[in-house]
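Working notes for the structure below.
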Amino acid sequence: MNVEDVIKEQVTKHPVVLYMKGTPEQPQCGFSANAINILSACGVDELFTVDVLQDPEIRQGIKDYSNWPTIPQLYVNGEFIGGSDILTEMYQSGELQELFKE
């Protein structure tokens, strides 16, 4: 499988996927830590994470896949939601919490 196929499988197989730097227990950047904190505050407990620092192909591939230049990136039910700033805005407006109620 090429990197695009791997990413497509990850985002469609798992309901909530976060491409991040580091792990939920040890985020390696403030934006990834912010995303984890927001998802935790939303009560997301079934989170599949991918540490892009462990795989340069995935790190570049996810940017190409979403046409979004930064990490972290959140996918819910196969749909790209956004990065740290968008998650923060959606959380503050209550929109993100609604997404996880469905």
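Just so you know, all these numbers are worked out from the coordinates, no wet-lab data involved. Keep in mind the model is a prediction, meaning the values are calculated, not measured. In this analysis, Cβ positions are derived from the backbone assuming ideal geometry, glycine residues included, and neighbour counts consider all displayed protein chains.
With the Cα gyration tensor of the chain in hand, give its eigenvalues times 5 under a square root as the equivalent ellipsoid semi-axes, listed largest first in whole angstrom.
After diagonalising the Cα gyration tensor, the semi-axes are 21, 15, 12 Å.
Would you list which lysines come within 18 Å of residue 8, measuring only between C-alpha atoms, while excluding same-chain residues fewer than 8 positions from it?
Cα-Cα hits under 18 Å: 63.
Kindly provide the Kirkwood hydrodynamic radius of region 1-45 in Å, to one decimal, from all pairs of distinct alpha carbon atoms.
11.6
Can you give me the distance in nm between label points at residue 64 and residue 13, each placed 7 Å from the Cα along the Cα-to-Cβ direction?
2.0
How many nm is it between the label spots at residue 57 and residue 4, if each spot is 7 Å from the Cα in line with the beta carbon?
Distance between the two pseudo-spin positions: 1.4 nm.
For region 3-101, what is the relative contact order in percent, using Cα pairs closer than 8 Å and at least 6 residues apart in sequence? Could the numbers behind the result be given before it?
Details: 139 pairs, mean separation 35.7, N = 99.
Relative contact order for region 3-101 comes out at 36 percent.
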